[in-house]
Amino acid sequence: MQYPNVLVLTDFSKDSDEAVKTAVDFAKKYNSRLTILNVVRDTHNLTYVLSDSEYHNLERKLEKHAEEQFDKMEAAIPELAEIGFKRKIRKGTPYISCLYEIENGNYDLVFAGSHGKSDLKKVVMGSTAEKVLRRSPISVFVTRR
C-alpha cells in the first residue's frame, strides 16, 4: 500500500498530539508527506458585538495563537523537523473545514485524535473526530491516548 499524502488533524490537545506522533511514525515507514491541519473556529458571529477593528484584531490573535501552538508542537515532537511537514490553518466549523480539506487536498489517509480539547467527553470519541470519520471519503485512522 502507498500513502504518499497524509493529513493529520490537530487542535493541539494531548489526544491530537498522539495522532501527530503516530502519523510521524507512519510517514517514516511509508515515506509519506504530512500536512497538519488546525481549524480556528469561525468568529464571524462576533461581528454583531465587536467593532471591525476589534473583530480583525481577534482574528489576528487567533491565527497567531495557532502558529505559536504549531511551534510548540514542533519543539515537543522533534521528529517533525526530520521528516518535514506542511502547516495548514483554516477558519470555520472544525468538522466542516476538515472535510473540505480532505475532499480537496488529494490525501490518501487521515489521522485524528479520538478526543479534542472540549471538556465534553463522549463515550467513544469526540464529536469532530466522529463526524469526520463518518463523512470522510477516505480512510481515517483514529488514535487513542
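Quick check on Asp52: is it under 28 Å from Pro137 (Cβ atoms), among the acidic types (Asp, Glu) and loosely packed, with under 13 Cβ neighbours inside 10 Å? So Asp52 does not fit the description; no.
Scanning segment 83-107 for residues that are among the acidic types (Asp, Glu) and surrounded by 15 or more Cβ atoms within 10 Å (Cβ to Cβ) returns a single hit, Glu101. Screening Ala23 with (1) part of a helix (DSSP H, G or I); (2) touching a Ser or Thr at 6+ places or on another chain (Cβ under 7 Å); (3) under 25 Å from Val132 (Cβ atoms) gives one miss only, at (2).
For residues that are of a type in the set (Val, Ile, Thr) and outside any helix (DSSP H, G or I), scanning just segment 26-71, find the one that is modelled with the lowest pLDDT. Looking at the filtered set, the residue picked out is Thr43.
The values are calculated or read from the model by the stated rules, or taken from the named source; none is laboratory data. Remember, it's a predicted structure, so these values are computed and weren't measured experimentally. Neighbour counts are summed over all protein chains in view; Cβ atoms, including those assigned to glycine, are modelled from backbone coordinates with ideal geometry.
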